[in-house]
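Enquirer: Sharing a structure, written as structure tokens. Questions coming.
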Amino acid sequence: EKQGFKHFMLKEIYEQPGVVRACLEAYFDGDWTAADAAIDKPPTHLGLPPDLFANLQQIEIVACGTSWHAGLVGKYLLEQLAGVTTTVHYASECRYAPPPIAPNTLIIGVTQSGETADTLAALEMEKKRRSGFDQNPELLPRLLGITNRPESSLGNLVASIIDTHAGIEIGVAATKTFVAQVMAFYALAIDLTYRRQAKSPEQLEQMLVGLRQLPAHMELVLESQERYIEELAHDFAETQDFIFLGRGINFPIALEGALKLKEISYIHAEGYPAGEMKHGPIALLDAKVPVVTIAMPGSVFEKVLSNAQEARARDARLIGVTPMDEQDAADTFDTLIPVPHIDEMLSPILTVIPLQLLAYHIAARRGLDVDQPRNLAKSVTVE
Ligand code: M6R
């Protein structure tokens, strides 16, 4: 069943390019171009009812763990592309301190299993407290689920679903389901951007071209980096703390890299938005704390590099997930994990892979039960 892989997690990491292909096929019009906008042919086919989006004013996302990180990437896309104000809640917090009821709000529950108790409870609560507003239909619930299991309890709770097409995931650490959730957010954000005419058709076409190139880029990262990261993992046999930094759309990826490492290797790790380091966490740094920084060319590239340089001044070992041919990055980092050049907006799908592999190889090298980490279950069906 593991098809020659030592663990399901590694197998599932390798399945990711195929998952992205499946999502592209399921969500997007394969040969859409800007010219199609003139005949009002949309770039996506999510099959969602138009009422979900009528006069949309804001989006609330509820999720836990890795799905919450996918929600943060989603927020970035929904705000920066579609221009819709979006808030991401931990389901366990939202349950007991829900935001004020606002009109024309789309509520999105993200859960790969569709069985996470906190996420279901938060959605149920929204459904309940918003029903009975027949006098003011703007307040009625509009619920959308993003899940890998449409047949789950989530599927029964919400009327509209985006199916993430990742196939069953066995490793407790979510990998391919995360990538699929992020793909669902690309599709949703592009769908909304098109409906709201928030970007030009040419800009959307460019994004679609970039999205279609992702699987090949992902394969390249896997082929070219896995061995190297396996070697690199040897350097961290004794390491007790890690810091992961990113900014903008790669900040959630820093959080995800830290969560993967904590979850399967039991090493203390924190993810921060790189610009926040100087407000306290930088005091943690010394030669014993490696800092993994995601630095992709784009709106915050120079800023991230200068944040990394501040860490260097504290003797931290700097590891950069960054394109190979960026001289400033090469000068900044002690160790490079190269990824292909890609539009920053699409980069999370690539930058998460080295972080998954790093967590995997550090844990595997420590001889830990990667697929079944201690104290954890694949889905958390109790509060
Ligand atoms: O099934 P869900 O997506 O609702 O699960 C949410 C979290 O429990 C889950 O993502 C957890 O954080 C993973 N084990 C992370 O790898």
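Enquirer: Would you mind working out the accessible area per residue for the chain, using a 1.4 Å probe, and quoting it in Å²?
Expert: On the way: 15470 Å² over 383 residues.
For the chain, the per-residue accessible area is 40 Å².
Enquirer: Could you please put 371, 31, 343 in sequence from largest to smallest accessible area, using a 1.4 Å probe?
Expert: Numbers: 371 15, 31 115, 343 80 Å².
Ranking 371, 31, 343 by accessible area, largest first, yields 31, 343, 371.
Enquirer: In terms of the Cα gyration tensor, with a ≥ b ≥ c the square roots of its eigenvalues, is the chain rounded because a/c is under 1.5, prolate because a/b exceeds b/c, or oblate? Please report the intermediate quantities before stating the final value.
Expert: On the way: a/c = 1.62, a/b = 1.41, b/c = 1.15.
Cα axes put the chain in the prolate bin.
Enquirer: In percent, what relative contact order does the chain have, based on Cα pairs under 8 Å that are 6 or more apart in sequence? List each step's numbers first, then the result.
Expert: Working: 739 pairs, mean separation 71.7, N = 383.
Relative contact order for the chain comes out at 19 percent.
Enquirer: To continue, here is another question. For helix 201-233, report the angle its Cα long axis makes with the longest principal axis of the Cα atoms of the chain; keep it between 0 and 90° and round to the nearest 10°.
Expert: In the chain, helix 201-233 runs at an angle near 30 degrees to the longest axis.
Enquirer: Counting other Cβ atoms within 10 Å, which trypsin sites (Lys or Arg not before Pro) in segment 337-382 have at most 15 and lie in a DSSP loop? Before the final figure, lay out the partial values.
Expert: Values: sites: 365, 366, 374, 378; in loops: 366, 374, 378.
Sparse-neighbourhood loop trypsin sites (Lys or Arg not before Pro): 366, 374.
Enquirer: For the Cα atoms of the chain, what angle does the longest principal axis make with the long axis of helix 176-196, in degrees from 0 to 90, nearest 10?
Expert: Result, in degrees: 50.
Enquirer: Then there's this: Sorted from largest down, give the three principal axis spans of the alpha carbons of segment 171-306, whole angstrom values.
Expert: Projected onto the principal axes, the Cα atoms of segment 171-306 cover 51, 35, 25 Å.
Enquirer: Something else about it: Along its principal axes, what span do the Cα atoms of segment 120-201 show, with the longest given first and each in whole Å?
Expert: So the extents along the principal axes, rounded to whole Å, are 46, 38, 17.
Enquirer: Percent of accessible area on segment 123-233 owned by carbon and sulfur, 1.4 Å probe? Mind showing how you got there, number by number?
Expert: Working: 2280 of 4720 Å².
Summing carbon and sulfur atoms, their accessible area is 48 percent of the total for segment 123-233.
Enquirer: Only Cα pairs under 8 Å and at least 6 apart count here; give the relative contact order of segment 131-205 as a rounded whole percent. Each step should come with its number before you reach the end.
Expert: Working: 61 pairs, mean separation 14.8, N = 75.
Taking the mean separation of contacting Cα pairs over the length of segment 131-205, I get 20 percent.
Enquirer: In whole angstrom, how far apart do the alpha carbon centroids of segment 119-191 and segment 1-80 sit?
Expert: The distance from the Cα centre of segment 119-191 to that of segment 1-80 comes to 12 Å.
Enquirer: Which loop-located GluC sites (Glu not before Pro) does segment 1-43 contain, where loop means any DSSP state but H, G, I, E or B and the Cβ has at most 10 other Cβ atoms within 10 Å?
Expert: On the way: sites: 1, 12, 15, 25; in loops: 1, 15.
When the GluC sites (Glu not before Pro) of segment 1-43 are filtered for loop state and at most 10 Cβ neighbours within 10 Å, 1 remain.
Enquirer: R0 = 45 Å: FRET efficiency of residue 286 with residue 134, Cβ-based, nearest 0.05? Don't skip to the end; give the middle numbers.
Expert: Details: r = 61 Å, r/R0 = 1.36.
Here the calculated transfer efficiency is 0.15.
Enquirer: If you take the charge dipole of segment 189-314 about its Cα centre, with +1 on Lys and Arg Cβ and -1 on Asp and Glu Cβ, which of 232, 242, 275 is farthest toward its positive end?
Expert: The Cα lying farthest towards the positive end belongs to 275.
Enquirer: Using only Cα atoms, find the angle between the long axis of helix 65-80 and the longest principal axis of the chain, and express it within 0 to 90 degrees, rounded to the nearest 10.
Expert: 70
Enquirer: Here's another thing I want to ask about it. May I ask you to give the percent of accessible area on segment 301-383 that is carbon plus sulfur, with a probe radius of 1.4 Å?
Expert: Numbers: 1600 of 3530 Å².
Looking at segment 301-383 in its full context, I get 45 percent from C and S.
Enquirer: Which loop-located chymotrypsin sites (Phe, Trp or Tyr not before Pro) does segment 1-103 contain, where loop means any DSSP state but H, G, I, E or B and the Cβ has at most 10 other Cβ atoms within 10 Å? Display every interim value, and only then the final one.
Expert: Numbers: sites: 5, 8, 14, 27, 28, 32, 53, 68, 76, 90, 96; in loops: 5, 32, 96.
In loop regions of segment 1-103 (DSSP not H, G, I, E or B), the sparsely surrounded chymotrypsin sites (Phe, Trp or Tyr not before Pro) are 96.
Enquirer: Using a 1.4 Å probe and counting only protein heavy atoms, arrange 382, 292 so the residue with the most accessible area comes first.
Expert: Working: 382 100, 292 0 Å².
Greatest to least solvent exposure: 382, 292.
Enquirer: Next up: Under 1.5 on a/c is rounded, so check that first for segment 101-238, then, if it is not, pick prolate when a/b is larger than b/c and oblate when it is not; a ≥ b ≥ c are the square roots of the alpha carbon gyration tensor eigenvalues.
Expert: Values: a/c = 2.88, a/b = 1.52, b/c = 1.89.
In terms of gyration-tensor shape, oblate.
Enquirer: Right, here's the next one. Using a ≥ b ≥ c from the Cα gyration tensor of segment 1-122 (square roots of the eigenvalues), is it rounded, prolate or oblate, where a/c under 1.5 gives rounded and otherwise the larger of a/b and b/c decides, a/b for prolate?
Expert: Working: a/c = 2.48, a/b = 1.07, b/c = 2.33.
Cα axes put segment 1-122 in the oblate bin.
Enquirer: Let me ask something else about it. Check the straight Cα-Cα distances from residue 2 and name the lysines below 16 Å, setting aside those fewer than 8 residues away within the same chain.
Expert: Here the lysines satisfying the reach criterion relative to residue 2 are 11, 176.
Enquirer: When only Cα pairs under 8 Å and 6 or more residues apart are kept, what is the percent relative contact order across segment 233-383?
Expert: Numbers: 265 pairs, mean separation 39.9, N = 151.
Taking the mean separation of contacting Cα pairs over the length of segment 233-383, I get 26 percent.
The values are calculated or read from the model by the stated rules, or taken from the named source; none is laboratory data. Computed from a predicted structure; not experimentally measured. When we count neighbours, we look across all protein chains shown, and the Cβ atoms used for this are built from the backbone with ideal geometry, even at glycine. When the accessible area is computed, the model is the full protein with side chains, heavy atoms only, and any ligands, DNA or RNA have been set aside. Shrake-Rupley method; radii C 1.70, N 1.55, O 1.52, S 1.80 Å.
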